[in-house]
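Remarks on the structure that follows.
What follows is calculated from the coordinates using simple rules that are stated; it is not laboratory data. Just so it is clear, the structure is predicted and the values come from calculations on it, not from any experiment. Glycine also receives a Cβ, built like all others from the backbone with ideal geometry; neighbour counts cover every protein chain displayed.
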Amino acid sequence: MLSIAQIVFFSMARFIIGIFTVLFVSCQQNRHVPVPDDHWPLFDSAAFLSSEERNSIEGVYAIDATDGFGALTALKWSYTVKDQDTVHKLSMYCEKDISYFVCEGRKSGDSILLDGYWRKLDNDKTGKARFILALDSTGRYSIADGTYGEDENGPAKKIRLRHLRPLYDKTPLEIIAHRGGGRITDLYRENDCSGGCSVGV
């Protein structure tokens, strides 16, 4: 027959094992989704965009030719500084499945080329993406014809972006939601307290 000390010991051991099991199972596992690497010879040989050319393609666009990303997307440039070099990236924030595109831009002749990748944050889906914007009859870049692929496969599925209107640029913007304070579950590198995720649509 077990003594009271042995009963207490086994009860505590069972309790501690139970606590560790709950903590292990309930911890969020960070998923590592590799960024697809794309080598597009036409893009690699093209010239860098000026600030005016970058600003000319920002705005709200309708998404045609695919339903994988929703009906609308907002395009906004940002930049990072590496050593003494400034790298500009175009982000496309889409409606469906917390999806987005990140592209770099260059110019070849009268066309703007965008090369990058897309990602959906509610799962592990990602892939390469390419867009070409040509001047329309009014001298504006209003249509972006593109292709995208999945994982490391080449971009083959068609997608078209059609410019609808500029981004909202008035101030002040209203805060309609706040999810900072460590409660971000979408695995962003920044939270909405940092100011790095804000865009007016």
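Need the C-alpha centroid separation for the stretch 51-89 versus the stretch 98-165, integer Å.
9 Å
Between Leu164 and Lys82, what's the calculated FRET efficiency when r is the beta-carbon distance and R0 is 35 Å? Round to 0.05.
Given R0 = 35 Å and the Cβ-Cβ separation, E is 0.55.
Between Arg54 and Thr171, 0.36 nm times their residue separation minus their Cα-Cα distance comes to what?
In short, 39.9 nm is gained.
Suppose the chain between Lys157 and Val102 were pulled fully straight at 0.36 nm per residue; how much longer would it get relative to their current alpha carbon spacing?
18.1 nm
Starting from the eigenvalues of the Cα gyration tensor, five times each then square-rooted, give me the equivalent ellipsoid semi-axes of the stretch 41-165, largest first, whole Å.
So the equivalent ellipsoid measures 21, 18, 14 Å along its semi-axes.
Beyond 29 Å between alpha-carbons counts as too far, so tell me which of Lys89/Lys125; Lys82/Lys128; Lys128/Lys170 fall in that bin.
Those over the limit are Lys128/Lys170.
Report the GluC sites (Glu not before Pro) located in the stretch 84-175 that are in a DSSP loop and have at most 11 other Cβ atoms inside 10 Å of their Cβ, or state none.
In loop regions of the stretch 84-175 (DSSP not H, G, I, E or B), the sparsely surrounded GluC sites (Glu not before Pro) are Glu174.
Report the Stokes-Einstein translational diffusion coefficient (µm² s⁻¹, integer) for the stretch 91-144, Rh taken as the Kirkwood radius over Cα pairs, at 37 °C with viscosity 0.692 mPa s.
Here the translational diffusion coefficient equals 268 µm²/s.
What percent does the relative contact order of the stretch 41-165 come to when contacts are Cα pairs within less than 8 Å and at least six residues apart?
Once normalised by length, the contact order is 22 percent.
For the stretch 96-172, which trypsin sites (Lys or Arg not before Pro) pass both filters: DSSP loop (anything but H, G, I, E, B) and at most 16 other C-beta atoms within 10 Å?
Sites meeting the loop and neighbour criteria: Lys96, Lys125, Arg140, Lys170.
Could you compute the net charge surrounding Thr73? Neighbours are other residues with a C-beta less than 14 Å from the C-beta of Thr73; K and R count +1, D and E count -1.
Within the 14 Å Cβ shell, the charges total +2.
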